[in-house]
Amino acid sequence: MVIKRIGPMSAAKIAGVIYAVFGLLFGALVSLFAVGGAMFMPEAQRGPFGVLFGIAAIVLLPLCYGVLGFVSAFVATLIFNAAANAVGGVELEVE
């Protein structure tokens, strides 16, 4: 079996979702450290920054990761298709 072409939009959608999930996991960790760090600060020094940063991490990181994953997979798939067209594709041996 020889893979000669991959649908760029299909690959980009899958990569976008996968990267968004990674962004959500990473955002949850950042949020945990931001909110946890704010909780252990003295009350006089505690401000809304830690909590706001934690909430922003949960919202913005999955969004940014998902968009960047979508765009990079789309471009990579276009490059793959051009290279596969030039050299004849990728040969897979399947049983």
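Among the residues of the stretch 7-29, what is the count of those that are aliphatic (A, V, I, L, M) and surrounded by fewer than 17 Cβ atoms within 10 Å (Cβ to Cβ)? I'd like the intermediate steps shown before the answer.
Taking the stretch 7-29 as the starting set, the residues that turn out to be aliphatic (A, V, I, L, M) are 9, 11-12, 14-15, 17-18, 20-21, 24-25, 28-29.
Retained after the next criterion (residues that are surrounded by fewer than 17 Cβ atoms within 10 Å (Cβ to Cβ)): 9, 14, 17-18, 21, 25, 28-29.
Going through the stretch 7-29 one residue at a time, the tally reaches 8.
The residue list Val35, Val75, Val51 contains one member that is in a helix (DSSP H, G or I) and modelled with pLDDT of 95 or more, which is Val75.
Being among the aliphatic types (A, V, I, L, M) and at pLDDT 90 or above is the filter here, so list the residues in the stretch 78-95 that pass it.
We begin by selecting, within the stretch 78-95, every residue among the aliphatic types (A, V, I, L, M); these are 78-79, 82-84, 86-87, 90, 92, 94.
Leu78, Ile79, Ala82, Ala83, Ala84, Ala86, Val87 - these are the residues of the stretch 78-95 that are among the aliphatic types (A, V, I, L, M) and at pLDDT 90 or above.
Does Ala86 fit the bill of being surrounded by 13 or more Cβ atoms within 10 Å (Cβ to Cβ) and either in contact with a helix residue (DSSP H, G or I) (Cβ under 8 Å, 6 or more places away or on another chain) or assigned to a helix (DSSP H, G or I) (or both)? No.
The values are calculated or read from the model by the stated rules, or taken from the named source; none is laboratory data. Being a predicted model, the structure only gives us computed values, none of them experimental. Glycine also receives a Cβ, built like all others from the backbone with ideal geometry; neighbour counts cover every protein chain displayed.
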